[in-house]
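Have a look at the structure below before the remarks.
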Amino acid sequence: MKQIVIAIDGPAASGKSTTAKLTAEKLNYIHVDTGAMYRALTLKIIKDNIDPEDEKSVYNAIRDCKIEFERKNRVTKVLLNGKDVTETIRNKEVTSAVSAISSYKRVRDLMVAQQRRMCTDGGVVLEGRDIGTVVVPNADLKIFMIASIEERAKRRQKELAEKGTTADFADLIKDINERDAKDSNRTESPLKKADDGIILDTSNLTINQQVDFIVNKALEIIKKIDS
Ligand code: DC
């Protein structure tokens with residue numbers, strides 16, 4: 001069976017991560033969370049006390065960083081220079097600074113080169129903001145996930161509650177809107193649907209419905225390629 005490349009893009013909290021992870025599990029593919037890569041670099045900048053707005057210092061600090069995904073017992077860990085940072089990269093400080101770090105061209109070039117290397121043999125589900133437009137414009141299947149802002153804030157609030165954190169609903173809406181605006185309006189690889197991307201509105205879908213939609217599309221494509 002041909003191993004294809006699936007690109008999943010979309011705004012913050014649109015459900016990309018869970019959907020990409022489960023899609024990859026169903027197809028027995030590798031899941032690459034590219035947002036986690038930018039988050040890991042951001043953590044390094046915070047730990048080194050570097051001003052996120054100082055592009056030159058940011059680049060010098062991250063240029064030799066090694067980011068790896070380690071999969072064990074169905075759990076994927078994010079390693080930064082060999083250290084497990086899976087949980088820390090989701091904290092508020094990283095979330096606030098990541099848009100600045102991911103807006104720099106030289107930073108993106110480094111990450112995109114790594115992401116492309118992960119695609120060479122196919123069998124990959126990549127999720128992010130620029131996967132279908134920049135990282136793998138020739139991906140076999142491109143999905144652009146969207147959901148209403150209220151639904152996205154609700155999901156983020158539930159996710160935080162599961163980790164024992166409370167968050168004000170209006171603040172969450174503000175944070176998500178701000179991050180979307182930064183990601184969509186930046187010069188370098190802004191968040192944008194690829195011309196041949198398929199819109200998947202998840203506002204009223206369950207996770208299983210989202211995953212089934214993508215897996216079925218993928219199987220149709222694989223069948224066509226194999227025949
Ligand atoms: O998907 P996420 O929220 O974990 O992504 C974190 C940030 O990284 C997000 O604000 C935008 C940026 N990002 C990006 O610029 N390009 C990607 N391919 C993935 C994420």
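The values are calculated or read from the model by the stated rules, or taken from the named source; none is laboratory data. Because the structure is predicted, anything quoted here is derived from the model rather than measured. So basically every Cβ, Gly included, is an ideal-geometry build from the backbone, and we count neighbours across all protein chains shown. Note: accessible area is taken over every heavy atom of the protein model, side chains too, but ligands, DNA and RNA are not part of it. Shrake-Rupley method; radii C 1.70, N 1.55, O 1.52, S 1.80 Å.
Could you please tell me which pairs satisfy a Cβ distance under 7 Å, a separation of 6+ or placement on different chains, a first residue in region 17-30 that is in contact (Cβ under 8 Å) with a residue 60 or more places away in the chain and closer than 23 Å to Ala147 by Cα, and a second residue that is open to solvent by 50 Å² or more (accessible area, probe 1.4 Å) and among the hydrophobic types (A, V, I, L, M, F, W, C)?
Final answer for the pair search is Thr18/Ile207; Thr19/Ile207; Leu22/Ile207; Ala24/Ile30.
What single numbered condition from (1) of a type in the set (Val, Ile, Thr); (2) in contact with a His (Cβ under 9 Å, 6 or more places away or on another chain); (3) assigned to a helix (DSSP H, G or I) fails to hold for Val125?
Against the list (1) of a type in the set (Val, Ile, Thr); (2) in contact with a His (Cβ under 9 Å, 6 or more places away or on another chain); (3) assigned to a helix (DSSP H, G or I), Val125 comes up short only on (3).
What are the residues in region 41-77 that are open to solvent by 40 Å² or more (accessible area, probe 1.4 Å) and closer than 21 Å to Ser17 by Cα, if any?
If the condition is that a residue be open to solvent by 40 Å² or more (accessible area, probe 1.4 Å) and closer than 21 Å to Ser17 by Cα, then Glu68, Phe69, Glu70, Arg71, Lys72, Asn73, Arg74, Val75, Thr76, Lys77 are the ones that fit.
What are the residues in region 160-174 that are open to solvent by 70 Å² or more (accessible area, probe 1.4 Å), in contact with a Lys or Arg (Cβ under 9 Å, 6 or more places away or on another chain) and part of a helix (DSSP H, G or I), if any?
Correct list: Phe169 only.
Output the residue which, of all residues in region 31-66 that are away from the ligand (no atom under 15 Å from the Cβ) and small (Gly, Ala, Ser), is nearest to Ile8 (Cα to Cα).
Ala61
Surrounded by fewer than 20 Cβ atoms within 10 Å (Cβ to Cβ) and in contact with a helix residue (DSSP H, G or I) (Cβ under 9 Å, 6 or more places away or on another chain), is that true of Arg116?
Numbers: surrounded by fewer than 20 Cβ atoms within 10 Å (Cβ to Cβ): yes; in contact with a helix residue (DSSP H, G or I) (Cβ under 9 Å, 6 or more places away or on another chain): yes.
Yes.
Look through Gly122, Gly128 and report the one residue that is under 26 Å from Ala194 (Cα atoms) and more than 12 Å from the ligand (Cβ to nearest atom). Explain how you work it out, then say what you get.
Numbers: Gly128 fails: more than 12 Å from the ligand (Cβ to nearest atom).
Exactly one residue qualifies, and that residue is Gly122.
For region 93-111, does any single residue satisfy the condition of being under 27 Å from Val75 (Cβ atoms), open to solvent by less than 40 Å² (accessible area, probe 1.4 Å), away from the ligand (no atom under 13 Å from the Cβ) and not β-branched (Val, Ile, Thr)?
No, that holds for no residue.
Considering each residue of region 131-142, count those that are within 14 Å of the ligand (Cβ to nearest atom) and under 24 Å from Glu220 (Cβ atoms), and give that number. Give the steps one after another, and end with the answer.
Quick first cut of region 131-142, residues within 14 Å of the ligand (Cβ to nearest atom) only: 131-137, 139, 142.
Still in the list and also under 24 Å from Glu220 (Cβ atoms): 131-133, 135-137, 139, 142.
Within region 131-142, residues that are within 14 Å of the ligand (Cβ to nearest atom) and under 24 Å from Glu220 (Cβ atoms) number 8.
Kindly list the number of the only condition in (1) within 16 Å of the ligand (Cβ to nearest atom); (2) open to solvent by less than 80 Å² (accessible area, probe 1.4 Å); (3) of a type outside the set (Gly, Ala, Ser) that fails for Asp84.
It is condition (1) that Asp84 fails.
Just checking, how many residues over region 181-227 are open to solvent by 20 Å² or more (accessible area, probe 1.4 Å), within 16 Å of the ligand (Cβ to nearest atom) and in contact with a Leu (Cβ under 7 Å, 6 or more places away or on another chain)?
Final tally of qualifying residues: 1.
Say we look at region 128-159 and pick out the residues that are among the small types (Gly, Ala, Ser) and part of a loop (DSSP other than H, G, I, E, B); which of these is surrounded by the most Cβ atoms within 10 Å (Cβ to Cβ)?
Quick first cut of region 128-159, residues among the small types (Gly, Ala, Ser) only: 128, 132, 139, 147-148, 153.
Narrowing the set further to residues that are part of a loop (DSSP other than H, G, I, E, B) leaves 139, 147-148.
Numbers: Ala139: 24, Ala147: 22, Ser148: 13.
Restricting to residues being among the small types (Gly, Ala, Ser) and part of a loop (DSSP other than H, G, I, E, B), the top hit is Ala139.
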